[in-house]
Amino acid sequence: MKSALLVVDVQNGVFGSTNPPYLSENVISNIKQLLGYASSSEIEIVFIQHEIPGVLEPESDAWQLFSDLTINDSSYKVRKRTPDSFQDTDLRGYLNENGVEHVLICGYSTEFCIDRTAFSAANKGYKVTLIEDAHTTHGKPHLDAPSIISHHNFTLSKHPNIALSSTAALISG
């Protein structure tokens with residue numbers, strides 16, 4: 001089964017900011033391991049970049065992929081304007097054209113972009129693996145970041161097409 005690694009919203013304006021997300025260094029380390037694994041395993045790599053007026057302006061430094069990542073020329077890039085990486089983008093077309101049936105998801109905004117992208121992919125019939133230690137968020141007034149991440153790992157894994165995996169478990173086989 002052909003797979004793709006979806007790296008969602010790992011951008012300078014999020015991870016390179018003065019207020020980085022929860023455990024950002026660990027998450028970036030895990031994403032870098034996933035990128036290495038994907039490159040050596042012939043897994044497609046898709047970088048998804050969110051556009052937010054006044055925050056993540058297209059082509060600005062904040063909008064660029066996080067500078068600590070290694071981006072290879074064969075990686076595909078998707079621009080989005082909503083939390084769902086499939087909505088009004090060519091992501092589904094790209095995955096289908098390349099025979100992808102399974103997506104591995106990591107990145108930013110557990111309760112928004114990760115949740116919506118994982119749920120949307122699963123409902124479109126893709127097998128989804130959510131990398132539980134490679135997505136993160138910021139705490140909110142009503143709930144801290146660890147609780148948000150734990151909640152979404154639990155609820156998303158109840159969908160019949162979504163499984164959880166740690167970075168180490170995925171890479172070790």
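Observations
- Theoretical FRET efficiency, 1/(1+(r/R0)^6), r = Cβ-Cβ of GLU101 and GLU51, R0 30 Å, to 0.05: 0.60
- Ranking PHE66, SER109, PHE154 by how far each Cα lies toward the positive end of the dipole of the chain (charges on Cβ) leaves PHE154 at the top.
- Where labels lie 7 Å past Cα in the beta-carbon direction, separation of ASP90 and LYS77 in nm: 1.3
- Highest GNM mean-square fluctuation among SER150, SER29, SER120, for the chain modelled with Cα contacts below 10 Å: SER150.
- Overall dimensions of the chain as given by Cα atoms, namely Rg and Dmax in Å: 14.6, 42
- Charge dipole of the chain about the Cα centre (unit charges at C-beta), most positive-ward option of SER40, GLN87, TYR22: GLN87
- GNM result for the chain, Cα springs below 10 Å: residue of ASP73, ASP90, ASP133 fluctuating most strongly: ASP73
Every number in this text was worked out from the coordinates using simple rules, so none of it is lab data. Small disclaimer: the values here were computed from a predicted structure and weren't measured. Here Cβ is always computed from backbone atoms with ideal geometry, including for glycine, and neighbour counts include all displayed protein chains.
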